[in-house]
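Below is one structure, written out as structure tokens, with a few remarks after it.
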Amino acid sequence: METIDASVGFAGGKPCYNIPKDQEAIQRLLSKIPASQGGCMGKVWKPALWGACAQDLAEAIRKFQEANRAKLAFPPDGHVDPGGSTLALLNALASGTSPSASPSATGLTQSALALKNIPLGISWCQAAINALQTYAMAFATGSEDADSVVAKALNVHFHLDQISDRSKSAGRMDSILANFKEIKNTLMNTSLAFRDCSTSEAAAIFGSRDASWVPPPAFVWRSKGNKWILFTTSFQEWSSATPNGYGPNARTAMVVHESAHYIDGSILDYAYEWTNASVGTNQADPTNACVPGSEPQCLYYAALPAEQALNNAACYPTFAAHVVRKFDSPSTRYGAANKTL
Ligand SMILES: [Zn+2]
């Protein structure tokens, strides 16, 4: 059962409070309800912005209310209130049809499911390593191809074009290469790193007491000289019946991303691969999105300084996938924001 703190949607043509976590709760509920009941089962939502309700969510709320007009206390009004009849009906219909959150449909534990993504993760890292080594060799003799995929990927993800000094550029490539080698080693020794994590364990680690709290699919936890990559019950295979899960490329990107955190505690989440000029990562509170320009600590992927890109976990799977696919498009990057890929 989901609860919200403030209203979501539009009231009388004006946006409601639209707290991102409340919008996400309504999105989760709508995604569990089939279209035949006015929901949008399996829908992949755009990230929620503070105070702004995206058009697809606003339309989905209105469509849900129209489809369930007879069951609601009021005519459709385009928003969901805390404790209101729309929220009650969303919860009732979602619980009637929702697949259980865990364990995954295949019966594997979460860390065992993650192991299925390791061969792909290793092959991405190896492709990145090969491309970087070849490019660095050519770069050392001044014969590099600036139009090659790897040259472009180095600029897009690690912003090598911000560094004008060639010896510094060479050093930066060495650092990126060294990180990829360590990430690959982590993936080849997963018995050391991977562990399952129950929702109650995760809640204790994150200090959440909210019963409806949903843990992140995976995270790195350091404690008393140990470190692990923990996989929670949110780490599941995507299917139309488990729309809260993730497709194989999204899961592989997560595994590579977490391995980047794992190898070096200074590799952080400066900006996720899906952030752009209209929505970024809030450095003061990374769990909340923010609007770049709204506050100095709001960062987005394409505008990271090169130094932060080197230490940004999302740059590693995204660079590797760019090299492997030979193209990069922000809207099809692999990760948690593109669940079905
Ligand atoms: Zn991260």
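Annotation: the residues R333, R209, R166, R28, sorted from fewest to most other C-beta atoms within 10 Å of their own C-beta, follow the order R209, R166, R28, R333.
For K21, the lysines whose Cα falls under 23 Å of its own Cα, not counting residues fewer than eight places away in the same chain, are K32, K43, K46, K63, K339. Do any chymotrypsin sites (Phe, Trp or Tyr not before Pro) in region 277-341 lie in a DSSP loop with no more than 12 other beta carbon atoms within 10 Å, and if so, which? Here the sparse-neighbourhood loop sites are F327. Normalised by the number of residues in the chain, the average gap of Cα pairs under 8 Å and 6 or more apart makes the relative contact order 18 percent. Bridge orientation summary for region 192-238: considering DSSP beta bridges with both residues in this region, about 65 percent are antiparallel. Over region 49-189, Cα pairs under 8 Å with separation of 6+ residues give a relative contact order of 18 percent.
Sorting R251, R195 by the number of Cβ atoms found within 10 Å of their own Cβ, with the fewest placed first, yields R195, R251. Bridge orientation summary for the chain: considering DSSP beta bridges with both residues in this region, about 75 percent are antiparallel. Sorting the Cα pairs of region 109-341 by distance into bins of 5 Å, from 0 upward, gives 1, 7, 14, 18, 20, 17, 12, 7, 3, 1, 0, 0 percent per bin. As a proxy for reagent exposure, ranking T232, T199, T252 by other Cβ atoms within 10 Å from fewest up yields T199, T232, T252. Remark on the chain: C16, C40, C53, C125, C197, C315 stand apart, with no other cysteine beta carbon under 4.7 Å. Taking label positions 7 Å along the Cα-Cβ direction at both D161 and A112, the computed distance is 4.8 nm, reported to one decimal. Electrostatic bookkeeping for I4 treats Lys and Arg as +1 and Asp and Glu as -1; over the other residues with beta carbon under 15 Å from its beta carbon, the sum is -4. Residues of region 222-254 falling in the label zone of T340, defined by backbone nitrogen less than 17 Å from a point 7 Å along Cα to beta-carbon, are 237-251. About its Cα centre, the chain has a charge dipole of approximately 640 debye under the convention of +1 per Lys or Arg Cβ and -1 per Asp or Glu Cβ, with nothing else charged. For region 8-107, what's the relative contact order in percent, using C-alpha pairs closer than 8 Å and at least 6 residues apart? With pairs under 8 Å counted, the relative contact order is 30 percent.
Computed from the coordinates by the stated procedures, all read-outs in this text should not be read as laboratory data. Bear in mind the structure is a predicted one, so any value in this text is a computation, not a measurement. As a convention, Cβ positions derive from the backbone with ideal geometry for all residues, glycine included, and neighbour counts pool all protein chains shown.
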